[in-house]
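Below: the structure, in structure tokens.
The values are calculated or read from the model by the stated rules, or taken from the named source; none is laboratory data. On a predicted model such as this, the values are computed, not experimentally measured, just so you know. Counting neighbours? That spans all protein chains shown, and the Cβs are built from the backbone with ideal geometry, glycine included. Each accessible area value is taken on the protein alone, full model and side chains, heavy atoms only, with ligands, DNA and RNA left out. Shrake-Rupley method; radii C 1.70, N 1.55, O 1.52, S 1.80 Å.
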Amino acid sequence: MPRISHTRPGEGRTLPRPDSDHGWLRTVRDGFFSGWISGAITVVFVAGLATILPSVWRWAVADAVWYTTDPSACRAASGACWAVVAEKYRVILFGTYPYDQHWRGALVVLFVTGLAVLSSVPRLWSARLFVVWAVAAVTVAVLMFGGIFGLPYVGTNQWGGLPLTMIVFITSVVFGLPLAVVLALGRRSHLPVIRAVCIGVIEIVRGLPLVSVLFMMIILLPLFLPSDLTVDKLLRALIGMVVFFGAYAAEVVRGGLQAIPAGQYDAAKALGLGYWPSMFKIILPQALRIVIPALMNDIIRAFKNTTFVSVIGIFDMLGATKASLRDVDWVRYSTEAYIFVALVFFLYCFAMSRYSQFIETRLGREDTR
Amino acid sequence: MALLFTSHWAAMFWNDAKIRGLIYQATVLVLVLLALAYFALNAQQALQERGITTGLAFLGQQSGFAIGEGAITHDASDTYFHALLTGAINTLTVSIASIVGATMIGLLLGIARLSANKLLSGFALIYVELFRNTPQLLQMVMWYLLLTQLPGPRDALSPIAGHLYLTNRGINIPVLENGTSLFTAFLLALVLVVICVTTAFRLMDRRLRNTGKANGRFAALAGAGIAALLGTWLLLGTPTTLVSPTLQGFKYRGGQTISPEFIALFFGLSLYIGAFIGEIVRAGLQSVSRGQLEAADSIPLSRYDRFRLIVLPQALRVMVPPATAQYVSLLKNSALGVAVGYPELFNVTNTTTTLSGQALECVLLMAVFYLSIALTISALMNLYNRRVQIKER
């Protein structure tokens, strides 16, 4: 009987016998010298690091000035001048907020960070969280504005630094998410006029650069309102941030709505639920759950995007840092100051992205239970 | 009684879903129209008070400001329209350069993340985390800062002595003898190589299917590559020498000077988006199931064909939609050029608005430009997406 085969004879690869050796030598070989290409990469990397790392070390650590109030001490040293951070951190972190009131800003940062950490614990997820955030918003406003409880009044034109970054971030997310849900529901509505309006808003906002949206809010909004009505500059920027975040998140939420099987909609209808009850009790709780990881991406981006307000002259942490470096004595150490700011942003964003991974695996586990 | 009660309510017109829908829509329509009318009236009044006449007539006036760089030069005596055009061309230039850069960085990062070499995958991981978790604008500002801290023209750094000079006024690189920039040449070569090599692959696959012959593949590929490079050389007008920049006074002449503003924007866009593309590539490659790889091994395909015929088509399907979103995001964030002083469209619009006072028209023109380019990218990528999607019978 002839042997019939679909494989090309002689071309199959014979795999080597599995190695029984699991020692550290094996780990090193697999991780760094598994083939001649891998070996070459390792050699190039080691050589590269050996040339770069010592000079980086000398600049950042060995020859660096860690603390001094005298900029000429930095000029004498050949390394980094981290003293600029110690010198300017109050301006970087709090902007032009009155110096003796900085504790209020610090409290806002701690408060908002703590609340964000609490809100990320799945066990605490409930409608009560919205109440907590509403109370928090009032508290933050009282702390920042003052004017009551013996706190001196501070106008938004003096706000700045990390508290402002936090406020811009939290406002865009807390007001942007409900807007996103409304826009996403509208985009999937059976009513053509409502669908058209929502598609129009989403696509136009998503098609524009964020800086141009902010620019419109600053330049065009006053034009469209009565001339005797002036809207606070920060508020205008915040509206722009909310609408931008809302339009992006709306598409994420829409993805979640589409992923809900039609049977769920039918079941809600069969129970006699109207449109809003069926959405709030049946569809949205499931849809939002699915899209949490994707929403986290948008939320992290919203945090990074807060820096855009510095372009229109609002002193968020980046804007405040830029302003603090107008000081001719310290301007030459701008790199060190920006590295500090980058580190602060990195800590927040990295924590959020790790959280996003955690929540993704956790939700995935619940689904396959 | 109960029956009467329900039928009484059912008879009311607002219990008819269709009529209720019409009422909702009419309400929304009226509210939207009212808001628009209110805005329009206010705007009209404000413009009248300021003595500004609306319309696009101002585009024909002299702009009164010059734009330092770009594919076309804009002088103070040129019109506003010309200024906006220059900005739009600059936006496209930096976006195309950055999209090419981000794609190449992303491909390398995605492959490096999956490498068995721990040093390489570790480096790629650190890069991705670092660049994704810090604001793009901050990165751009830092690039600009680093570039302007380079030495002045007289004691420029020259990593390739005599040809490449790094100064705080920009990076000076050679050009081809007829003045064509190296970047244009590179882009042209890239496009031609991709076209020739994919065509060669397609022809060889067809030959394999029809005749069963698989020999001479390396020669065919090498031939396609050489033909592409030769074609580039011919299209560029057969240049034979490079013209290197030379220092004359305080400026380098002869070569091409790339401004620190352009490079800061280019780095800020391509290195940042590249990190995201890298994750998309990694996720795409990982999304191909093991069964597919084992099936490929059992045919048996060579490692290379396995990647080209089994892994890549399936990975592309996963990669194209999120990559599109990143490209559109890159284009839009080129507006951050305003922060480093690169004259792209948003920056020029900003200046034009201030000088002409025609805020409404300027913003509208800018919005139309960004919207149409963003939609064009989406449409092109959708077209490509349709090609790489599964063809179900």
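Structure above, values below:
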quantity	calculated
Extent along principal axes [Cα atoms of the range B:71-142; Å; largest to smallest]	59, 22, 12
Candidate residues B:VAL30, A:VAL197: accessible-area rank, largest first, probe 1.4 Å	B:VAL30, A:VAL197
Proximal aspartates and glutamates to A:LYS322, defined as alpha-carbon separation beneath 16 angstrom and excluding residues fewer than eight positions away on the same chain	A:GLU87, A:GLU336
Solvent-accessible area of B:ASP78 with every protein chain in place, 1.4 Å probe, in Å² to the nearest 10	40
Distance between the range B:296-337 and the range A:199-276 - C-alpha centres, whole angstrom	31
Value of relative contact order over chain B, rounded to a whole percent, pairs C-alpha under 8 Å and six or more apart	22
Positive minus negative residues near B:GLY284 (Lys, Arg vs Asp, Glu; Cβ under 14 Å)	+2
Binned Cα-Cα distance frequencies in chain A - 10 Å width, integer %	4, 16, 22, 20, 17, 11, 6, 2, 1, 0, 0
Approximate spin-label separation B:THR240-A:ALA50, in nm, with each point projected 7 Å along Cα-to-Cβ	4.4
Largest to smallest accessible area among B:LYS213, B:LYS18 [probe 1.4 Å]	B:LYS18, B:LYS213
Listed residues B:ALA37, B:ALA156, B:ALA296, most fluctuating in chain B (Gaussian network, C-alpha, under 10 Å)	B:ALA37
Charge tally in the Cβ shell below 12 Å around A:ALA184, where Lys, Arg are +1 and Asp, Glu are -1, A:ALA184 excluded	+3
Rounded FRET efficiency, nearest 0.05, which uses the C-beta distance separating B:ARG317 from A:HIS102 and R0 of 51 Å	0.45
Solvent-accessible surface (1.4 angstrom probe) belonging to A:ILE290, in square angstrom, nearest 10	90
Reciprocal mean inverse distance between Cα atoms of the protein assembly as shown - Kirkwood radius, Å	30.2
Summed side-chain charge close to A:PHE94 - residues other than A:PHE94 whose Cβ falls under 15 Å, Lys, Arg +1, Asp, Glu -1	+1
Principal axis dimensions, the range B:175-243 - Cα atoms, whole angstrom, descending	49, 16, 14
Nearest-0.05 FRET efficiency for B:GLN149 and A:LYS281, computed from C-beta distance (R0 60 Å)	0.50
Listed residues A:THR230, A:THR42 arranged by accessible area, highest first, probe 1.4 Å	A:THR230, A:THR42
Highest-fluctuation residue, B:GLY337, B:GLY110, B:GLY231 considered, GNM on chain B with Cα pairs under 10 Å	B:GLY231
With DNA, RNA and ligands ignored, accessible area of B:PHE186 (1.4 Å probe; Å², nearest 10)	90
B:VAL32 versus A:TRP24: modelled label distance in nm, points set 7 Å from Cα along the beta carbon direction	6.9
Cys with no candidate disulfide partner in the protein assembly as shown (beta-carbon separation under 4.7 Å rule)	A:CYS198, A:CYS349, B:CYS196, B:CYS362
Gaussian network model of chain A, springs between alpha carbon atoms under 10 Å - residue of A:SER310, A:SER334, A:SER189 with greatest fluctuation	A:SER189
